[in-house]
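What follows is a short report on a single structure.
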Amino acid sequence: MSTNEACALTHVFKRNGTIAPYSRQRIANAIYRAAVAIGGRDKDKAENLALKVEAIICGNYSNEHPPLVEQVQDIVEKVLIEEGHAKVAKHFILYRAGQSEKRKAKLSKTKVHTGNIPYQKIYEGLVWAADHNLNSVEKLNERIAKGEFREICLESDAAYETDVHAAAELIAEREGEIRIVVVAGPSSSGKTTTTRKLAHFLSKKGMGLVELNIDHYFFDLEMHPVDEFGDHDFETPQALDLALINQHVKQLMAGEQVLIPKYDFGTGTRVLNQTPLQIKPTDIILIDSLHGLYGDMLKGVEGSSIFKVYIETLLQMKGANDKFIRWTDLRLMRRMIRDKQHRAYDPRQTLTHWHYVRNAELRNILPYINTADYIINGAVPYELPVMRNRLYDHFKQWEQDYKDDPRRVDAYLRAKRVREMLEFVTPVTDESPIPETSHFREFIGGGIYDVH
């Protein structure tokens, strides 16, 4: 787009996840204020620079994929420097830094845990849901009926992206000190895409990142005990070779080369010493793991060198029964769809296996939430109408199948609860409004992140 063409962009996302009107004049005003601070008074120059900024914005973003405020500010800095206005750019950067420090001071007060419950984060999610008329299934349905499904997607993703960006800012603030970034959380909370997005934010800041794939450290399948149905328990941290992970992390941090094992999920077997890996002294090791907060994984590693991110589907929405929708039910549905598409699992298998997932979470994940440095809310309200369309009939059938099976009481109760919840959600069949950048596409497919 040239500087003479009109920009069709109508809105951007603020840091709190809300929509704000796009305005070139606001960009020009910000540039002019920075210029005035160093003695400049040329409004026409500010307007021309704003036009150049707008050309870049509108060439890279759209109303379907609008920019965050931070991304607009990044472009302003870039244009000011490239156009030879280094002093103005410096003042603009200093102003941003000052505002960032204020936000960080506020963020430092939001890491509030009581036991293993992140009350502050839950409260923030509740306020956001109320502000967007998404705190009940009834209100969600009303917005869908008004044709606002696309807007719900954009608003929800902006809130999540703001969380990821805040975590990245806190990590970048400790550049040189942080050597390991862990993204942990229960099954299907969105760890993998969140890890990729964090890597993207941090790499843009010039930080080197190397991902350590923990999936290759599973023990052979035959070493896992089975239950009466022949089901294996992958959900416990003891399913991983924790000692080898710990050894390799320490070697990598010491500058040594290690040979990563290779695990084949098709055969359930692992081969040791397969893939060489070595990092630079300034590189950060990225670990995406269900049990990233579990102490033995990084036992003996200096705590100040680790930044721990925890992600959970902290949806704050009441169902038709006036009870809050359970986070674990969201993740159950996500995993059903993901495992069916990418691992050829029958969703029924996911349901009957879920008691392992929950037991492991209660023992080995939830007790360590209070060790996290930052918590990200990975829930997006728009997943419910998608799940209603994809899974409702399955849950209805499973409820009937397991109603009188004493060995499947857990599966029956879950199927009944989810069926009752989904029954009152308006289904959405057209998933095209969900952005390709959405972390929810980690489960339904069609995303730009190759996570499988």
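Quick note: the coordinates plus some simple rules give every number you see, no bench work behind them. No experiment lies behind these values; they were computed from the predicted model shown. Every residue, glycine among them, receives a Cβ derived from its backbone with ideal geometry; neighbour counts consider all protein chains shown.
Going by a ≥ b ≥ c, the root eigenvalues of the Cα gyration tensor, does region 146-272 fall in the rounded group (a/c under 1.5), the prolate group (a/b larger than b/c) or the oblate group?
oblate
Which of the peptides 167-174, 63-70, 375-382 is most tightly packed, and how do the rest follow, judged by the mean count of other Cβ atoms within 10 Å per residue?
In decreasing order of mean packing, 167-174, 63-70, 375-382 become 375-382, 167-174, 63-70.
By how many degrees, 0 to 90 and rounded to 10, does the Cα axis of helix 191-204 deviate from the longest principal axis of the chain?
Here the helix axis deviates by roughly 20 degrees.
Please express the Cα-Cα pair-distance distribution P(r) of region 152-224 as a list of whole percents, one per 10 Å bin, running from 0 to the bin with the greatest distance.
P(r) over region 152-224, rounded to whole percents: 15, 44, 27, 11, 3.
Any idea how far apart LYS43 and MET223 come out in nm if each label point goes 7 Å out from Cα toward Cβ?
Modelled inter-label distance: 7.3 nm.
So if I take the alpha carbon set of region 311-442, get Rg, then get Rh from the Kirkwood formula, what is the Rg over Rh ratio?
On the way: Rg = 15.1 Å, Rh = 15.8 Å.
Rg/Rh for region 311-442 comes to 0.96.
Can you tell me the 0 to 90 degree angle between the C-alpha axis of helix 119-131 and the longest principal axis of the chain, rounded to 10?
Tilt of helix 119-131: around 70 degrees.
Mind pulling up the Rg/Rh value for region 222-381? Radius of gyration and Kirkwood radius, both on Cα.
Expressed as Rg/Rh, it is 0.99.
Just order 349-361, 78-90 by mean Cβ neighbour count inside 10 Å, highest at the front, would you? Before the final figure, lay out the partial values.
On the way: 349-361: 19.6, 78-90: 16.8.
Highest to lowest by the protection proxy: 349-361, 78-90.
Stick to the Cα atoms of region 11-105, pair each with every other, and give me the Kirkwood hydrodynamic radius in Å at one decimal.
Radius from the Kirkwood sum: 13.7 Å.
Among ALA411, VAL428, PHE440, pick out the residue whose Cα is farthest towards the positive end of the charge dipole of region 403-451, where Lys and Arg carry +1 and Asp and Glu carry -1 on C-beta, about the Cα centre.
So the residue we want is ALA411.
Mind putting a number on the dipole of region 11-105 about its Cα centre? Charges go on the C-beta only, +1 for Lys and Arg and -1 for Asp and Glu, and I need it in Debye to the nearest 20.
In debye, rounded to 20, region 11-105 gives about 440.
How about the chain: what cysteines have no other cysteine beta carbon under 4.7 Å from their own?
So, CYS153.
With charges set only on the Cβ (+1 for Lys and Arg, -1 for Asp and Glu), what does the dipole of the chain come to about its Cα centre, in debye to the nearest 20?
1300
If packing is taken as the average number of other Cβ atoms within 10 Å across a peptide's residues, how do 311-322, 238-249 rank, most packed first?
Answer by packing, highest mean first, reads 311-322, 238-249.
Using alpha-carbon pairs under 8 Å, 6+ residues apart, how would you state the relative contact order of the chain in percent? Working shown, then result.
Details: 674 pairs, mean separation 80.7, N = 452.
Relative contact order here is 18 percent.
Could you pull out the pairs from LYS43/LYS90; LYS146/LYS396; LYS90/LYS204; LYS52/LYS78; LYS78/LYS205; LYS197/LYS308 whose alpha carbons sit more than 21 Å apart here?
LYS146/LYS396
Rounded to whole Å and sorted largest first, what semi-axes of the equivalent ellipsoid does the C-alpha gyration tensor of the chain yield via the square root of 5 times each eigenvalue?
Sorted largest first and rounded, they come to 40, 30, 18 Å.
Let's test the formula: R0 of 25 Å, r as the Cβ-Cβ distance of LYS250 and LYS204. What FRET efficiency results, to the nearest 0.05?
FRET efficiency, LYS250 to LYS204: 0.30.
Against the longest alpha carbon principal axis of the chain, how many degrees, from 0 to 90 and to the nearest 10, is the axis of helix 43-60 turned?
The helix 43-60 is inclined about 30 degrees to the chain.
Beyond 15 Å, what share of the Cα-Cα pairs of region 10-52 remains, rounded to the nearest whole percent?
On the way: 432 of 903 pairs.
Of the Cα pairs, 48 percent sit more than 15 Å apart.
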